[in-house]
Amino acid sequence: MSRIIGIDLGTTNSLAAVWQDGGSRLIPNAFGEYLTPSVVSIGEDGTVYVGKTAKERLASHPDATAGAFKRFMGTSRKYMLAGKSYSPEELSAFVLKKLREDAERYLGEPVEEAVISVPAYFNDMARNATKRAGIIAGLRVERIINEPSAAALACQNRNEEEDAVLLVFDFGGGTLDVSLVECFDNVIEIQAVSGDNQLGGQDFDEMIEKHFIRSMEISAEGLSPETKAIIRKSAEKCKKDLTREKTAEMVVNCKDIQKKMEISRKDVVNICAPLFERMGKPISRVLMDAGVSADQISHIVLVGGSCKMPVVRQYIGHLLGRNDMETLEPDHMIALGCGVCAGIKERDEEVKDMLLTDICPFSLGVDIMNIQNPAKPFMSFIIERNTALPVSRESMYANALDNQPEVRVRIYQGEAMYAEDNMRLGELVFKIPRMPKGKVQCFVRFTYDINGVLEVEVRIPVTGEQKRLVIVNKELGMSEEEVAKKLKEFEKIKVNPADEEENRYILEWGQRLFMQTNSEKIREELVKKLQYFEYVMKNDPYHLSKVRKYTTVFFASIEGILNQYVSFTDDVLSDGSWYREEDEEEREIDDLFKAWDNKDQEDQERED
Ligand code: ADP
Ligand code: MG
C-alpha cells in the first residue's frame with residue numbers, strides 16, 4: 001500500500017505529517033527533527049543539498065544556495081545556482097522530494113501522494129506550480145489546501161467542536177498572514193484574508209542585529225560577509241533564547257575582539273516597535289472584512305515560528321483584549337492540519353469528512369452586449385473573485401436584439417471590464433426563435449469546485465434546450481476518468497434532494513409565523529428572512545445548510561416570543577396590564593434583531 005502525506009511547504013521551513021493511530025503525526029527528517037529548512041544548495045560535484053545542510057551553505061556558498069523561493073512560485077523568476085538555472089517550482093520539488101524520502105524511510109512504505117498547503121492568496125499559477133513541483137518530486141497532488149484552513153483543521157481536530165469562528169494569525173519567517181475562518185457543519189470556510197508579505201521573524205533578527213552593531217559601536221562597512229552572516233545568525237539565536245528566558249546574551253567575535261551584549265524582552269519591544277505596529281493592521285482589516293468583532297472569535301490560533309515569541313503573543317492578546325489563545329506548537333499547526341487532510345483522503349474512519357473550502361482567486365463570468373460599442377462586449381461576472389468555494393450560482397440573461405437568431409455564451413476568467421481583456425475559457429452556442437429583444441431568457445449556471453473545475457450549464461426555457469460544458473484546468477491535463485469523477489462530486493455541491501422537504505417546511509413555517517403575528521416589525525423581518533432563504537435555495541445551494549440553520553434558530557425565537565406573549569396576553573388581560581407586555585415584546589425583539597443585524601451584515605457581505 002502507498003501512503004498519502006500532508007506537507008506544509010513553507011517559505012522558511014517545511015514539514016510533513018501523516019495520519020497514524022487515529023491522529024495526525026509529524027514525520028521526523030534524517031536529523032530526527034520535524035522542521036526541514038526550505039533551502040536548496042548545489043555542491044561542486046552537482047550534489048543537491050536540501051534543508052539544514054543547505055541552510056549552513058547560505059553564508060559559505062551564497063552563489064550556489066537559494067532560500068525563500070516560495071515567494072516567487074508561479075512566476076518566471078529564475079535562480080542561478082552553480083551556473084545552472086532553476087525555477088522556484090524545481091527548487092520546491094527538491095524540498096518535496098527530500099520530505100518524501102524522509103517519510104518513506106520513516107513509514108517503511110512508498111509515498112506516492114501528498115496534500116500540500118499554500119497561502120490562501122496564492123493565485124492559480126502559484127497553485128499549479130506547487131502541483132507541478134509535487135509531480136517532479138514523484139508525488140501526486142490532488143489536493144491543495146489553504147494554510148489557514150489547515151491550521152483550522154488541526155485546531156478543530158484537537159478541540160472536537162462543531163461550530164467556531166477562528167482567527168488564524170500565521171507569523172512565519174518572512175510573511176504574516178491573518179485569516180478569519182469559520183467552521184460549521186463540517187465545513188471549513190475562509191471568510192477573509194489579509195497580511196503583510198514583507199513582515200516576519202527575519203525582521204526581528206534584522207532589528208536585533210542593527211541594535212547590536214549600534215550599541216557595540218561596530219562599523220558595519222568593514223565587516224566581511226562571513227562576519228555579517230554570523231552576526232545575523234546570533235541575532236536569530238538571541239531572539240529564540242528570549243522565547244525561553246527573559247534576558248539573553250549575544251556574543252560575536254568581530255575582528256578578533258569579543259563583543260558581548262545583553263538584551264531583554266522589554267528591549268525587543270522597544271527596538272521593534274515599528275514591527276509591532278504593522279502586526280495589528282491585518283488583524284483589524286480581516287475583522288472588518290468579515291464583519292466580526294473580537295469577542296465573536298471562538299479561538300485565536302497562533303501559527304508559525306514567530307508566534308513562539310512571548311512578546312508577540314502578549315501583543316496580540318492586548319490588541320484583541322483576550323488572553324485565551326491556542327499557542328500549542330505554532331510551527332506544527334499547518335503540517336498537522338495537512339496530516340488530517342491526508343487522513344480524510346485516505347478515508348480513515350476516525351476522521352470526520354470535513355469539507356474544506358477555498359477562495360476563488362479570480363472572477364468568472366460571461367460576455368454581454370455593449371450597446372455603445374458592440375465590438376467590445378462587457379464582462380458580466382457570475383462568480384466574483386474571493387468567493388468561497390465550492391460554489392454554484394445562476395444568472396439570467398436575455399436576447400439583446402430583436403429577431404436575434406442565436407445566443408453565444410462565452411465564458412471568461414479575469415477582472416477586466418471588457419470581456420476580450422480576460423482569458424476566454426469556452427463557448428456554448430444556441431439557436432433561438434426570432435423574438436423581440438428581452439423575450440428569450442437564458443439561464444447560465446456556474447459551478448466551481450476547489451480543484452479548479454468549472455461546470456457551466458446553460459438553459460433556454462423557450463426551446464427547452466440545455467447544454468453543459470466542463471472546463472478543467474488545462475495546464476494540469478486531467479483525464480476523462482478524472483473529469484467523470486469530478487462531475488460526480490459536483491452533484492454533492494448542488495441541491496441535495498433530501499433537504500428539499502426541510503426547505504419546504506421552513507418556507508411554510510415562516511409564512512405561518514407571518515400570519516400569526518401582527519407586529520409590523522416582526523413581519524418585516526420574517527419577509528426579509530424568507531426572501532433571503534428563497535434566494536439562497538435557488539442560487540447558492542452550497543450555503544443552504546448554514547442559512548437553513550440560522551433561519552431555523554430565528555424562526556424558533558420568534559415562535560418563542562409569540563407563544564410567550566400569547567399565553568401572557570391571556571393571563572394579563574384580566575388585570576389590564578397589557579401595555580407593558582407590548583413594551584417588553586418590542587424590547588425583546590429589538591435585542592434579538594440587534595444580534596441578528598450582525599449576522600445579516602455578514603450574509604450581505606458574502607452576497608456582495
Ligand atoms: P515559514 O512559515 O515562513 O516557513 P516558520 O513558521 O517555520 O516559517 O517560522 C520561521 C520563523 O520563526 C523564523 O524567523 C524563526 O526565527 C522563527 N522562530 C522559530 N522558532 C522560534 C523561537 N523559538 N522563538 C522565536 N522565533 C522563532
Ligand atoms: Mg508557514
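Listed here are the helices (runs of 4 or more DSSP H) enclosed by the stretch 496-608 that have at least 2 residues being at pLDDT below 55 and either closer than 23 Å to A290 by Cβ or in contact with a Ser or Thr (Cβ under 6 Å, 6 or more places away or on another chain) (or both): 578-607. With the condition kept exactly as written, say whether any residue in the stretch 246-265 is surrounded by 15 or more Cβ atoms within 10 Å (Cβ to Cβ), within 15 Å of Y315 (Cα to Cα) and under 35 Å from the mean Cα position of the chain (by Cα). Scanning the stretch 246-265 turns up at least one residue that is surrounded by 15 or more Cβ atoms within 10 Å (Cβ to Cβ), within 15 Å of Y315 (Cα to Cα) and under 35 Å from the mean Cα position of the chain (by Cα).
Just so you know, in the stretch 326-340 the residues that are in contact with a Ser or Thr (Cβ under 6 Å, 6 or more places away or on another chain) and within 16 Å of ligand 2 (Cβ to nearest atom) include one that is farthest from A151 (Cα to Cα), and it is G339.
Of note, A120 does not satisfy the criterion of being in a helix (DSSP H, G or I) and either among the polar types (S, T, N, Q) or in contact with a helix residue (DSSP H, G or I) (Cβ under 9 Å, 6 or more places away or on another chain) (or both).
Restricting attention to the stretch 270-321 and to residues that are more than 14 Å from ligand 1 (Cβ to nearest atom) and among the β-branched types (V, I, T), the residue that is nearest to H332 (Cα to Cα) turns out to be I300.
Out of (1) surrounded by fewer than 19 Cβ atoms within 10 Å (Cβ to Cβ); (2) within 16 Å of ligand 2 (Cβ to nearest atom), the odd one out for N323 is which? All conditions are met except number (2).
If you scan the stretch 66-79, which residues turn out to be farther than 21 Å from E147 by Cα and either at pLDDT below 95 or in a loop (DSSP other than H, G, I, E, B) (or both)? Those that are farther than 21 Å from E147 by Cα and either at pLDDT below 95 or in a loop (DSSP other than H, G, I, E, B) (or both): S76, R77, K78. Of the set (1) touching a Gly at 6+ places or on another chain (Cβ under 7 Å); (2) in a strand (DSSP E or B); (3) within 16 Å of ligand 2 (Cβ to nearest atom), all apply to T11 but (2). Within the stretch 151-208, the set of residues being within 13 Å of ligand 2 (Cβ to nearest atom), within 24 Å of P390 (Cα to Cα) and polar (S, T, N, Q) comprises S179 only.
If the condition is being in a helix (DSSP H, G or I) and free of Cβ contacts under 8 Å to residues at least 40 places away in the same chain, then the stretch 27-59 contributes K52, T53, A54, K55, E56, R57. Scanning the stretch 79-111 for residues that are farther than 27 Å from W19 by Cβ and not polar (S, T, N, Q) gives Y79, M80, L81, A82, G83, K84, Y86, P88, E90, L91. Counting only strands (runs of 3 or more DSSP E) wholly contained in the stretch 158-212, the ones carrying 2 or more residues that are within 11 Å of ligand 1 (Cβ to nearest atom) and under 14 Å from the mean Cα position of the chain (by Cα) occupy 176-184. Residue pairs whose Cβ atoms lie under 8 Å apart, sitting 6 or more positions apart in sequence or on different chains, and linking a residue in the stretch 6-26 that is hydroxyl-bearing (S, T, Y) to a partner that is more than 14 Å from ligand 2 (Cβ to nearest atom) and in a strand (DSSP E or B), are S24/V18. Taken together, the residues in the stretch 60-70 that are under 24 Å from G304 (Cβ atoms) and in contact (Cβ under 8 Å) with a residue 60 or more places away in the chain amount to 2.
The values are calculated or read from the model by the stated rules, or taken from the named source; none is laboratory data. Given the structure is predicted, the values throughout are model-derived calculations rather than measurements. Here the Cβ is made from the backbone with ideal geometry for all residues, glycine too, and neighbour counts use every protein chain on show.
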